[in-house]
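Trainee: Below you will find the structure I want to go over with you.
The values are calculated or read from the model by the stated rules, or taken from the named source; none is laboratory data. All figures in this text were calculated on a predicted structure; none of them were measured in a lab. Using ideal geometry, Cβ is built from the backbone for each residue, glycine included, and neighbour counts are taken over all protein chains shown. We work out accessible area using only protein heavy atoms, side chains counted, and drop any ligands, DNA or RNA first. Shrake-Rupley method; radii C 1.70, N 1.55, O 1.52, S 1.80 Å.
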Amino acid sequence: VSRLSRTEPSAHATSPLPAPPRPFRAPAPNTHADTDKPDSTHTHTHTHTQTARARHTTMSTAPAVKESKTGIPAAEFITDVKQYLVNKKMGCDECLKSLHIIHNKYKFLEMRLLQQKKALSQKIPDIKSTAECVEFLIKRKESDESEFEAHYQLSDNLYAKANVDSNENRVFLWLGANVMLEYNYEDAKALLAKNLKNAVAQVDMITGDLNFLKDQITISEVNIARMHNHGVNLRRAAKSGK
């Protein structure tokens, strides 16, 4: 007798948002270079500039991910802070508060998904052990023995012996919420296989959601940092103007 949980299968795929291009810093010129040789520093700088432009073009042309397949909205990466504030028609502090709210929502959803994944990960071994018990009963029924001795659990660390009829063709399964139903061996085996498949699919879906959320949390933190730095620069400019 084991506790079971009913889960619903779901498919999920993620496509993480591409990282923003890294700022390019030109290398210092080589003062020991021979004047008769071509300017290798200029060539090196020009090559890296073209590479940075190519990365920016690739990120701009890549299709934006609006949400995950389970409906989790994607975070918008702020490429131009000033233009973003103009489009949103809000101040820097107000926008910073809204970015913190979005970040907190992602963190709260991540915590809930981690709890669900932990609960499912604990139930999967129970479903497997119950399925093994049903398989054992089926083999005993097919054997020539009329009955066999078994140990069953009464409570934690307390077991009792029982003589089980090998010709019996029924088993009772806990379905949760204090509900127990009687099944024959074949139906119980099919139900357990279905529940195990659904639980594994649910874990895979939650794992994909967690990976997607990790990317969105990183983007939100980068947006908050950039907006905070922009506000600091505005306050410094206002003080220097006075």
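Trainee: Using a probe of 1.4 angstrom, how much of the accessible area of the stretch 107-200 is carbon and sulfur, in percent?
Mentor: Heavy-atom surface of the stretch 107-200 belonging to carbon and sulfur, 1.4 Å probe: 51 percent.
Trainee: If you count, for each residue, the other Cβ atoms within 10 Å and average over each peptide, how do 165-178, 144-157, 117-130, 191-204 line up from highest to lowest?
Mentor: Peptide ranking by packing, descending: 191-204, 117-130, 165-178, 144-157.
Trainee: So how far apart, in nm, are the two label points at Arg170 and Lys128 if each is 7 Å from Cα heading toward Cβ?
Mentor: In this crude spin-label approximation the distance works out to 3.1 nm.
Trainee: Taking a probe of 1.4 Å, how large is the accessible area per residue of the stretch 71-135, in Å²?
Mentor: Per-residue accessible area for the stretch 71-135 comes out at 66 Å².
Trainee: What's the lysine pair count for the stretch 124-225 at a Cα cut-off below 13 Å, pairs eight or more apart or interchain? The partial results should precede the final answer.
Mentor: Working: Lys128/Lys189; Lys128/Lys194; Lys128/Lys197; Lys139/Lys189; Lys189/Lys197.
Lysine pairs meeting both conditions in the stretch 124-225 amount to 5.
Trainee: Between Thr218 and Ser121, what is the spin-label point distance in nm, taking each point 7 Å from the Cα along the Cα→C-beta axis?
Mentor: 2.1
Trainee: Given the Cα-Cα distance of Lys105 and Glu186 and 0.36 nm per residue of separation, how much length would full extension add, in nm?
Mentor: Separation in residues times 0.36 nm, less the Cα-Cα distance, equals 24.7 nm.
Trainee: Expressed in nm to one decimal, what extension gain is obtained for the pair Asn229 and Thr70 from 0.36 nm per residue of sequence separation less their Cα-Cα distance?
Mentor: Additional length available on full extension: 53.9 nm.
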